[in-house]
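Following: one structure in structure tokens, then a few remarks.
Read-outs: derived from the displayed coordinates by stated rules, not from any lab. Keep in mind it's a predicted model, so treat the numbers as computed, not measured. Every residue, glycine among them, receives a Cβ derived from its backbone with ideal geometry; neighbour counts consider all protein chains shown.
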Amino acid sequence: MAVASGQPTIDLREPAGWRRTKNQIATGAMWFAFACMLVPLAFVLFTVISKGISAISWSFLTGGPIPPNVLPLGNGGMGPAVIGTLEITGFAALLAIPIGVLGAVYINEYGGKGWLARVIGFLADVMTGVPSIVMGLFIFTIWILHFGYSGLAGSFALGCLMLPVVIRSSYEMLKLVPDSLREASYALGATKARVTVTVVLPAAVGGIVSGALLAIARAAGETAPLLFTILTVESTNTNLFSGANTALSTQIFVNAQSPFVGAEARAWGSALTLIVIAFALMLVARIITARFTRYAR
Amino acid sequence: MSTVTQADPANAAGSAGPLAHRRPLGDRAFQILALACGLLVLVILVLIAVSTSQQASSWFSTAGFSGIFSTVWNPATNQFGAMAYLYGTVITAVIAIIIAVPVSVAIALLLTQVVPQRWSQPIVYVIDLLAVIPSVVWGLWGILVLVPWIQGIYASIASGVTGIPVLDSLFGSNTSGASFFTAGLILAVMITPIITSLSREVIATVPTIDKEGAYALGATRWEMIRGAVWPHSQGGVVGAVLVGLGRAMGETIAAALVIGSSAQVTSRLFGPGYSIPSVIANQFGEASGEFRSALIGLGVFLFAITIVINLAARAIVERSARRMRGA
């Protein structure tokens with residue numbers, strides 16, 4: 001068999017039994033690798049659900065303020081953190097999704113094969129690799145030092161993390177829209193902006209929305225960019241634009257390092273809440289992909 | 001507003017007749033808006049580099065080269081040497097890569113070459129679940145469940161290797177549940193989804209004709225993978241591994257909770273250590289002045305390292321993709 005030089009030579013004249021055995025060993029190893037990945041996943045889910053379910057109650061999810069970590073479960077609740085997570089992640093999505101989709105529109109609809117579009121796409125890929133803690137430091141240096149702690153700063157940090165992800169997923173979806181649709185609308189005399197807004201984006205909306213939901217699901221669990229942009233307070237702060245705030249993820253981080261039973265229980269309860277939020281977003285994304293995606297790979 | 005010189009089907013059609021030889025204002029405004037949104041990526045990357053280095057400059061200038069790369073980190077005496085953190089970051093990421101790469105590539109091969117199409121989708125969903133579990137939840141599980149459990153295993157391994165030359169210095173005494181190795185293990189689990197999905201994309205592009213050719217010569221599936229799939233996807237998989245390496249180095253919260261928080265340069269993998277992202281997460285809150293500048297400086301290092309790794313990864317993936325299209 002002709003094999004590229006430098007590759008391991010494969011000798012098909014080896015005894016058939018041994019070759020078959022090697023094949024079975026390799027296949028077994030692949031399944032074993034899959035099992036290796038399932039073990040921690042199942043272990044984590046089992047622990048979080050079994051320990052979290054006993055902590056969760058209506059008053060845990062909505063009550064407040066968050067009690068000092070020495071107090072046992074049943075005092076106060078994580079309401080402030082739930083509200084904080086929802087408002088900070090929600091506003092981050094409001095910032096990042098329109099900008100990301102428009103960026104993808106530029107790359108796919110306007111830039112084409114030009115160098116600028118290629119550079120922007122390349123940089124978006126590189127930006128997905130920027131560590132989340134660096135995003136936190138970045139927002140700290142350009143925002144917190146001048147304007148103080150606020151939920152808004154947390155939204156900026158999460159938005160910066162979501163932006164390249166939204167660009168990448170929207171771009172993949174726009175690429176799938178057939179050119180015949182665009183050409184048909186140009187033939188009717190529509191301008192490029194009109195074609196993009198009324199024909200191309202609606203055709204790709206299913207994929208764009210599900211990609212954006214996955215980005216939100218990832219962002220909702222981020223801790224590092226929030227630690228020193230929103231601080232971690234104990235009471236509800238519904239004003240996103242001023243004053244320190246709190247979030248489920250940062251509360252888990254603080255409580256996980258505390259030696260008290262009540263704090264541990266609150267950490268597990270918050271972890272379960274966070275995972276349920278993330279999985280729910282992912283499930284909705286899957287449903288949208290299955291139902292509303294017109295052009296799939 | 002400069003005139004748009006771009007080739008545009010709408011314009012080309014319009015310019016043929018007397019109608020609409022210039023694009024309406026709204027149309028051009030939309031293009032400029034889209035361009036601005038795209039350029040924001042560039043702006044943010046530049047701003048990250050500029051604003052963080054500016055804040056870190058006082059550390060860079062007062063500590064000097066030898067101060068930065070020393071192992072002494074003592075906020076009380078204003079000595080901030082980054083060596084122990086750089087070391088811990090690299091060691092944990094390397095442990096994570098050594099564990100995660102074989103597993104991820106094997107799963108990618110399983111998904112593309114072994115399992116039938118309709119089964120591979122559920123497996124992908126399961127991997128996505130892994131990707132969506134927040135870092136802080138891995139950390140919580142790590143510190144409260146994994147660390148106490150793995151402590152005993154480390155201790156028995158350490159007593160088993162006592163006196164054996166190399167193994168003793170790697171896995172020997174002074175074990176702690178929260179250690180370089182525990183952090184590496186958790187990072188490995190966390191980067192498996194990204195390496196798997198990137199390798200899967202690369203491996204899926206292997207031409208069917210190559211694979212069928214190998215089968216036609218009588219190759220078993222494993223021989224087909226080694227002879228047809230692997231030479232084709234090598235480059236792309238290396239790129240995927242580099243992306244995973246970058247992720248492992250930048251991963252913060254999970255590592256911060258299980259790494260042991262003890263700044264030391266040691267060969268003992270079962271001993272406590274520290275890494276750049278985790279020291280920033282743990283100490284930034286109480287830092288000010290020179291201390292804060294040094295922590296931001298560590299962030300600048302991290303940013304530079306991950307940017308270089310990601311640039312290399314994308315370049316490798318793109319080059320190998322081009323070569324494969326040409327072949």
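Classify chain A as rounded, prolate or oblate, taking a ≥ b ≥ c as the square roots of the eigenvalues of its Cα gyration tensor: rounded when a/c is under 1.5, otherwise prolate if a/b is larger than b/c and oblate if not.
On the way: a/c = 2.14, a/b = 1.21, b/c = 1.77.
It comes out oblate by the Cα gyration axes.
Charge dipole of the protein assembly as shown (Cα centre as origin; +1 on each Lys and Arg Cβ, -1 on each Asp and Glu Cβ, all else neutral): 1460 debye, rounded to the nearest 20.
A straight Cα-to-Cα reach below 27 Å connects A:Lys22 with the lysines B:Lys211, residues fewer than 8 places away in its own chain not being considered.
Net charge of the neighbourhood of B:Val126, taken over other residues with C-beta under 15 Å away and scored Lys/Arg +1, Asp/Glu -1, is +2. Summing Lys and Arg as +1 and Asp and Glu as -1 over all other residues whose Cβ lies under 14 Å from the Cβ of A:Pro15 gives a net charge of +1.
Normalising by the residue count of segment A:80-292, find the relative contact order in percent from Cα pairs under 8 Å and 6+ residues apart. Don't skip to the answer; put the middle values down first.
Numbers: 301 pairs, mean separation 64.9, N = 213.
About 30 percent, as a whole number.
For A:Val70, the shell of other residues with beta-carbons less than 15 Å away shows a net charge of -1, using +1 for Lys and Arg and -1 for Asp and Glu. Between the C-alpha center of segment A:174-213 and that of segment B:290-325 there is a gap of 34 Å. The shape of the protein assembly as shown comes out oblate: with a ≥ b ≥ c from the C-alpha gyration tensor, a/c is at least 1.5 while a/b does not beat b/c. Using a Gaussian network model of chain B in which every pair of alpha carbons under 10 angstrom is joined by a spring, one finds that among B:Ala216, B:Ala256, B:Ala183 the greatest mean-square fluctuation is at B:Ala216. By the rule of a C-alpha distance below 21 Å, with chain neighbours fewer than 8 residues away ignored, the lysines paired with A:Lys113 are A:Lys175, A:Lys192. When the protein assembly as shown is described by a simple charge dipole with +1 on each Lys and Arg Cβ and -1 on each Asp and Glu Cβ, the residue from B:Gly26, A:Gly129, A:Ile252 located farthest towards its positive end is B:Gly26.
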